[in-house]
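Asker: Here you go, one structure.
The values are calculated or read from the model by the stated rules, or taken from the named source; none is laboratory data. This is a predicted model, so every value here is computed, not measured. Cβ coordinates were reconstructed from backbone atoms using ideal geometry, including for glycine residues, and neighbour counts include every protein chain displayed.
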Amino acid sequence: MASKFLLLGLLINLLIVKDAQSVGVCYGRNGDGLPSERDVVRLYQRNGITRMRIYDPHQPTLEALRGTNIELMIGVPNDRLQSLSDQNAANTWVRDNIQRYPNVRFRYIAVGNEVDPNNGDS
């Protein structure tokens, strides 16, 4: 019986933990009539969205994120994975897409999206 109360107490603590209040949204850009990157960033800020994921280093999005508190997960596109096995190419990618934006809050770099390890083309 005591173990049931302990388990119940742990579950209740998990439900009321205040540290898990960050909200992140994937920012997709496929479509017509999309709002500008600056409008999207303002939408995130107005709604308290503190994390964004983009699937490639889209320069206008990175510019719009400058100086914001939005933490970013940026993806390396699948078609770039093979070329980045070369150290010089990887260094150039990081320089052009990360270091060039020192006031963007990069949190993660995701390598590939839905990569099939059995397919040598990815």
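Asker: Let me spell it out: the conditions are (1) outside any loop (DSSP other than H, G, I, E, B); (2) modelled with pLDDT of 75 or more; (3) β-branched (Val, Ile, Thr), and Ile12 meets all of them except one. Which number is the exception?
Answerer: (2)
Asker: Can you pull out every residue in the range 47-66 that is crowded, with 17+ Cβ neighbours inside 10 Å and of a type in the set (D, E, K, R)?
Answerer: Arg51, Arg53 - these are the residues of the range 47-66 that are crowded, with 17+ Cβ neighbours inside 10 Å and of a type in the set (D, E, K, R).
Asker: Could you name every one of the strands (runs of 3 or more DSSP E) located completely within the range 34-119 that has at least 2 residues being under 15 Å from the mean Cα position of the chain (by Cα) and among the aromatic types (Phe, Trp, Tyr)?
Answerer: Working: elements: 51-54, 71-76, 105-111.
Correct list: 105-111.
Residues checked against (1) under 15 Å from Val111 (Cβ atoms); (2) touching a strand residue (DSSP E or B) at 6+ places or on another chain (Cβ under 9 Å):
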| site | (1), (2) |
| --- | --- |
| Leu43 | no, no |
| Thr50 | no, yes |
| Leu65 | no, yes |
| Thr68 | no, yes |
| Asp79 | yes, no |
| Ser85 | yes, no |
| Asn88 | no, no |
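Asker: Restricting attention to the range 67-97, and to residues there that are surrounded by fewer than 12 Cβ atoms within 10 Å (Cβ to Cβ) and not small (Gly, Ala, Ser), which single residue is nearest to Cys26 (Cα to Cα)?
Answerer: Filtering the range 67-97 for residues that are surrounded by fewer than 12 Cβ atoms within 10 Å (Cβ to Cβ) and not small (Gly, Ala, Ser), the one nearest to Cys26 (Cα to Cα) comes out as Asn69.
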